[in-house]
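What follows is one structure encoded as structure tokens, with my remarks underneath.
Read-outs: derived from the displayed coordinates by stated rules, not from any lab. Since the model is a prediction, treat every value here as computed from it, not as a measurement. Every residue, glycine as well, gets a Cβ built from its backbone with ideal geometry; the counts of neighbours run over all protein chains shown.
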Amino acid sequence: MTFKTGAQVPHPVDTLVWRPWELALAPFQVAPRTYYVSGQRWVGAYLVDAGAELVLVDAGPAESLYLLLDANWQLGFDPRCIGKIFVSHAHFDHCGAVAQLRALTGAEVWMSAEDAAFLRACPAETLGVDPRLAVFPFEPDRLYASGEPLRVGEVVFTPLLTPGHTPGCTSLFWQVTHPVTGGPLTVAMRGGAGVNTMSDAYYTTSACLTPDLRDRFIADAEGEKLRSIPVDITLPSHPNQIEILDRVGSYAPDSQPYLDRAVWPAFLDFIAARARQERGW
Ligand SMILES: [Zn+2]
């Protein structure tokens with residue numbers, strides 16, 4: 001079993017707000033057509049080159065948007081060609097940059113109806129969890145239909161509603177082609193896997209989240225629906241959740257350093273166990 005967690009970033013919000021360049025990380029390829037482009041090591045964002053247009057899976061926080069733009073340029077991609085932004089969930093670290101990025105690119109912003117409502121109802125638990133953060137509210141342009149494939153250029157994406165961490169957390173799956181064998185590969189990012197919003201203490205202060213979300217999270221992580229998806233390359237929404245930074249720069253079409261089907265079920269086991277711990281099971 002080759003799944004392991006990555007290093008924690010100490011005091012990420014402090015650093016992000018005052019010294020974001022200390023988190024800077026050059027972009028790198030992780031899968032066919034797919035690049036880590038958040039520009040920093042705390043939270044991931046992935047650029048998918050769909051041919052006709054570029055797709056961004058999560059946009060990161062507003063504070064590191066300049067690093068994300070630079071990461072795209074470094075790879076030779078013009079960020080103004082980003083046509084769609086797929087948001088995994090409504091927390092500032094994954095979509096704080098969305099409003100500004102949409103203004104710069106004209107990209108269409110997609111998210112779940114549940115998290116669009118969460119964004120509206122609970123600014124203090126989504127974009128404004130810390131008073132030092134810059135808050136740029138937004139409404140999505142489009143809402144996901146969970147489980148319905150969505151073709152963008154040459155890549156098919158499937159969003160799947162996987163609530164728990166937020167009411168409308170969405171996991172994203174996309175199909176690419178192995179550049180050497182020509183066979184299909186499934187890439188996945190499990191949206192919002194952190195148990196920090198699933199503790200009893202959190203529920204006592206939250207205006208929007210309830211313990212049934214934690215039960216749903218455990219049921220999904222342990223259920224057949226997610227496990228039966230043959231995910232070839234599992235990407236973390238935060239690199240501390242799944243180690244990928246140990247292979248930065250090692251991507252090659254024939255070696256596929258992130259291709260490992262054991263990671264997806266092992267990661268589901270890991271997050272289910274952590275949520276069960278919060279539940280006291
Ligand atoms: Zn989150």
- ³J(HN,Hα) across the range 132-140 via Karplus (A = 6.51, B = -1.76, C = 1.60, θ = phi - 60°), whole Hz, x for Gly/Pro? 7, 6, 6, 10, 10, x, 7, 10, x
- Report, for the chain, the % of DSSP beta bridges that are antiparallel, rounded to 5. 70 percent
- Query: Once the mean 1/r over all distinct Cα pairs of the chain is inverted, what Kirkwood radius in angstroms do you read off?
  - Reply: 18.7 Å
- Query: Between Arg151 and Glu139, what is the label-to-label distance in nm when each label sits 7 Å out along the Cα-to-Cβ direction?
  - Reply: 3.1 nm
- Apply the membrane-span-like helix rule to the chain: whole DSSP H runs, Cα extent along the own long axis of at least 18 Å, mean Kyte-Doolittle hydropathy at least -0.5. List the helices found. 263-279
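How large is the Kirkwood hydrodynamic radius of the range 1-143, counting all unique pairs of alpha carbons, in Å?
Value: 15.3 Å, from the Cα pair sum.
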- Task: Please identify the cysteines of the chain that lack any partner cysteine with a Cβ under 4.7 Å from their own Cβ.
- Result: Cys81, Cys95, Cys169
